[in-house]
Amino acid sequence: MSLKAPTSGTNSTPSQVYTIRARLSAQDGNPAGTWVPRQVQSGIVSSSQVNIYIQGNPPIYPNMCPSTTYTLVASGPPGTAFTSWSFQGDFTSAWGDGFQGDVTTGIDFSGGQITVNGYNSCGSFSYSRTVGRDSNCPYYLTASDVEVYPNPAISEEITVEWPAKANVSSITLIDKKSHKHKVILPKENKAKFDLKNLKPGEYYLHLYVGEVVIPKKFLKK
């Protein structure tokens, strides 16, 4: 059986999914007169018919947390094929193939855009979805949350301070050549470093939060 939907004129068929019911004969292995529904897409896939979501049951529509890996699924109407994915934003790794993709967000992730390209028998399409940072994420310390003062250091001591809700286990002071000069195990959300034995130049404080390292640069005059 072949059906053809009008594509122009006053009786043109809008691009959307339709349900067609076919009545089977006894020779199809079913009781004679059985009606079987089939869904078909008429026309090119529109952006309103495509979606990208985080794999799960039920599916979750993406807002994401920093330093997290997600499996993504692209969906479309019957007959849709997905050919390529592209990603914009703070993703440390990202790939897509067919209807599935994976992304890992960076520690400073605040949002991005994910695009899938595909086609059906009527033509090709492109769909983009904007993702944001989930408001329910656990707290992640970033370099912008860390204060070092005075910076540049014009005295023999600096103070490093960070939000109290960040669990910083240790801080290491290193130079540009990655030579370690001092390690502090803080007991509160600030620490002081004595710079008397350091030459003028560029230095880094590495703040350790679990397995994550947050670098913060400062200068000694």
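A few points about this structure:
- Cβ-Cβ under 8 Å pairs, at least 6 apart or on other chains, the stretch 156-184 side in contact (Cβ under 8 Å) with a residue 24 or more places away in the chain and assigned to a strand (DSSP E or B), far side of a type in the set (S, T, N, Q) and surrounded by 12 or more Cβ atoms within 10 Å (Cβ to Cβ): ILE158/ASN151; GLU161/ASN189
- Restricting the stretch 201-221 to residues that are within 32 Å of the chain's Cα centre (by Cα) and assigned to a loop (DSSP other than H, G, I, E, B), the residue that is modelled with the lowest pLDDT: GLU211
- Flag if LEU198 is part of a strand (DSSP E or B) and either surrounded by 15 or more Cβ atoms within 10 Å (Cβ to Cβ) or modelled with pLDDT under 95 (or both): no
- Only one entry in ASN120, ASN151 is in contact (Cβ under 8 Å) with a residue 60 or more places away in the chain, over 30 Å from THR104 (Cβ atoms) and assigned by TED's automatic domain parsing to the domain that holds GLN100, namely ASN120.
The values are calculated or read from the model by the stated rules, or taken from the named source; none is laboratory data. Predicted model only: the values in this text are computed from it and were never measured. Here the Cβ is made from the backbone with ideal geometry for all residues, glycine too, and neighbour counts use every protein chain on show.
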